[in-house]
1. Among 38, 29, 106, determine the one that fluctuates most according to a GNM of the chain built with springs between C-alpha atoms less than 10 Å apart.
2. Compute the acute angle (0 to 90°) between the alpha-carbon long axis of helix 143-166 and the principal axis of greatest extent of the alpha-carbon atoms of the chain; round to the nearest 10°.
3. Normalised by the number of residues in the range 22-147, what is the relative contact order in percent for Cα pairs under 8 Å and 6+ residues apart?
4. For the chain, what is the calculated [θ] at 222 nm in deg cm²/dmol (nearest 500), taking -39500 (n - 2.57) for each run of four or more DSSP H residues and dividing by its residue count?
5. Would you mind checking the tilt of helix 103-114 against the longest principal axis of the Cα atoms of the chain, expressed as 0 to 90 degrees and rounded to 10?
6. Rank 64, 52, 78 by mean-square fluctuation in a GNM of the chain with C-alpha springs under 10 angstrom and give only the top-ranked residue.
7. What do you get for the angle between helix 2-16 and the principal long axis of the chain? Use alpha-carbon atoms, 0 to 90 degrees, nearest ten.
8. Would you mind telling me which residue in 54, 148, 62 has the biggest mean-square fluctuation in a Gaussian network model of the chain, where springs connect alpha carbons within a distance under 10 angstrom?
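Please treat every number below as a calculation from the coordinates, not as lab data. Only a predicted model underlies this, so the values are computations on that prediction, with no experimental measurement involved.
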């Protein structure tokens, strides 16, 4: 009887960490300016509601099936966040698929990946598509602006020389 009760308690605790019927809303951002930044930064911020009202459960994100990140939670905004950075040469225009896992499904995913097995058996809670339009490699000052500034400098210098010659 005591063993049965202990087993039921363990099962209840284990299922409490699993988000059931997740509802999410996501917003994504990425840097597109390559002039002022050394790397391209990507951020996915999402709110999550579970049918079983899970609180303080750890979540993990897998980006394009390659890199794994732990999801951060902000008490200020009540939102979760995944952020990562890539070198500019790897940050071409593309859509990054961010698969979000709870602790149980991530353990299944991690074990399958470690053993060289197919990871599709571990279904993510949801996937966030992060569209990155690519990098803007333009300089912060356009050619036209530089030409106008050079012309104004030339005009100033001409007036300066004229005033020196007449003085």
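1. Comparing 38, 29, 106 in the GNM, the peak value goes to 38.
2. Compared with the principal axis, the helix lies near 30 degrees.
3. Details: 221 pairs, mean separation 36.1, N = 126.
Dividing the mean separation by the residue count of the range 22-147 yields 29 percent.
4. On the way: 3 runs with 51 residues, N = 167.
-10000 deg cm²/dmol, from helical runs alone.
5. 80
6. 78
7. Taking the Cα atoms of the chain, the angle to 2-16 is about 20 degrees.
8. Result: 148 has the largest fluctuation of those listed.
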